[in-house]
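The values are calculated or read from the model by the stated rules, or taken from the named source; none is laboratory data. Note that this is a predicted model, so its numbers are computed, not measured. With ideal geometry, Cβ positions are generated from the backbone for all residues, glycine too; neighbour counts draw on all protein chains shown.
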């Protein structure tokens, strides 16, 4: 994409009412725009980053058997009544159509996925089954803060697994744990993220959260200094010792919950009487697991963790583009060579943001640092004297000259 054709602009300053670092940077860099409290528009750069995160999640979930579908946002009142959540779900948006039919806007999708899968699963031979979606969710939060980390409308990947017994659920549950850390590694958050014990509600002793350490976090977690398991503050008073290793040394940290997994067992299959026939011909309730991770929250968390005083520093796989090509000076020679490099890189499948704008070098470099694409390539009269371009990684200070004829080979280690 040519930056001159990008309709959005960078901002010198973020709005004064935004206190959260990640959303201040995303607003300034032109990734998001605020519509109202807790509601943001994804601009072209932001959408590209979000789609990259979604792609990573989809790849890893499908590697463990997840089949993607897309469930409706409008969920009939009767489905919510079946589980009792029409009355008890405080954050549920409720709407009424012209025919007086009432709906809840999808804040979670157990009330849809259970009767849906029930239409196709009858026997133990049909199980296990794993389905997931990436869908917009709506929650009527009383107060929203922290930019895109807590909003009224947000992006969520929810995976649901269906099993014949708890042993099979346990096996898949452990597989999802490992998969979540693969996702977090690819988006640059594994080193800062801990598996955290949380309340399992009425259906399990524990659920598990994936908590990323950052000063912007809303949760307090206690990290075992021996084995690294964390415990959410909400349940810590019941665990003076680490339930995994028995040690007592903990470190308290603020963190953002980027994902969670639950063994919900028969909590939602029972209200819908979702049964299967086992090998002996007996009818039994299907057992479930539920696994959530928020792509839009991941995007905000990435920015909270990966930044400096100049702007965002995108991890390679989440970045909106692979390289930021910058044309310095407007001589015909520089323009011609920069355009040629732009076209050649695109032909090789390298995604390029090409800054061809009529701006000073200083303005272009400032915007490049703010936007935070991993690799910057500069074409100027100086570099062309040696038939070279200047390469700089966003997370490093040094620059290097690379021959244009060697550029494609050089970039293979970066993109």
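Confirm whether residue 300 is out of contact with any strand residue (DSSP E or B) (no Cβ under 7 Å at 6 or more places or on another chain), modelled with pLDDT of 95 or more and either within 17 Å of residue 53 (Cα to Cα) or surrounded by 18 or more Cβ atoms within 10 Å (Cβ to Cβ) (or both). Spell out the reasoning first.
Details: out of contact with any strand residue (DSSP E or B) (no Cβ under 7 Å at 6 or more places or on another chain): yes; modelled with pLDDT of 95 or more: yes; either within 17 Å of residue 53 (Cα to Cα) or surrounded by 18 or more Cβ atoms within 10 Å (Cβ to Cβ) (or both): yes.
In short, yes.
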For this session: Would you check which residues across the stretch 373-394 are touching a residue at least 24 places away in the same chain (Cβ under 8 Å) and surrounded by 14 or more Cβ atoms within 10 Å (Cβ to Cβ) and list them?
Result: 373, 374, 375, 376, 377, 378, 379, 380, 384, 389, 394
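Mind counting the residues in the stretch 362-415 that are assigned to a strand (DSSP E or B) and either closer than 16 Å to residue 346 by Cα or not assigned by TED's automatic domain parsing to the domain that holds residue 327 (or both)?
Residues of the stretch 362-415 that are assigned to a strand (DSSP E or B), as a first pass: 375-379, 388-393, 399-403.
After this cut, where a residue has to be either closer than 16 Å to residue 346 by Cα or not assigned by TED's automatic domain parsing to the domain that holds residue 327 (or both) as well, the list is 375-377.
So the count comes out to 3.
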Problem set entry | Residues that are without any contact (Cβ under 8 Å) to a residue 60 or more places away in the chain, part of a helix (DSSP H, G or I) and within 27 Å of residue 67 (Cα to Cα), drawn from the stretch 81-126 | 85, 112, 113, 116, 125
For this session: Mind counting the residues in the stretch 25-47 that are within 18 Å of the chain's Cα centre (by Cα) and either under 18 Å from residue 369 (Cβ atoms) or not assigned by TED's automatic domain parsing to the domain that holds residue 183 (or both)?
Result: 6
For this session: Return only the number of the condition from (1) part of a loop (DSSP other than H, G, I, E, B); (2) surrounded by 15 or more Cβ atoms within 10 Å (Cβ to Cβ); (3) outside the structural domain of residue 42 (by TED's automatic domain parsing) that residue 337 does not satisfy.
Result: (1)
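Just wondering, is there one or more residues in the stretch 58-70 that are more than 22 Å from residue 259 (Cβ to Cβ) and part of a loop (DSSP other than H, G, I, E, B)? Walk me through it before giving the result.
Looking only at the stretch 58-70, we keep the residues that are more than 22 Å from residue 259 (Cβ to Cβ), and these are none.
Checking the stretch 58-70: not a single residue is more than 22 Å from residue 259 (Cβ to Cβ) and part of a loop (DSSP other than H, G, I, E, B).
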For this session: Return the residue satisfying two criteria in turn: it lies in the stretch 395-415 and is touching a residue at least 60 places away in the same chain (Cβ under 8 Å) and over 28 Å from residue 12 (Cβ atoms), and of such residues it is nearest to the chain's Cα centre (by Cα).
Result: 415
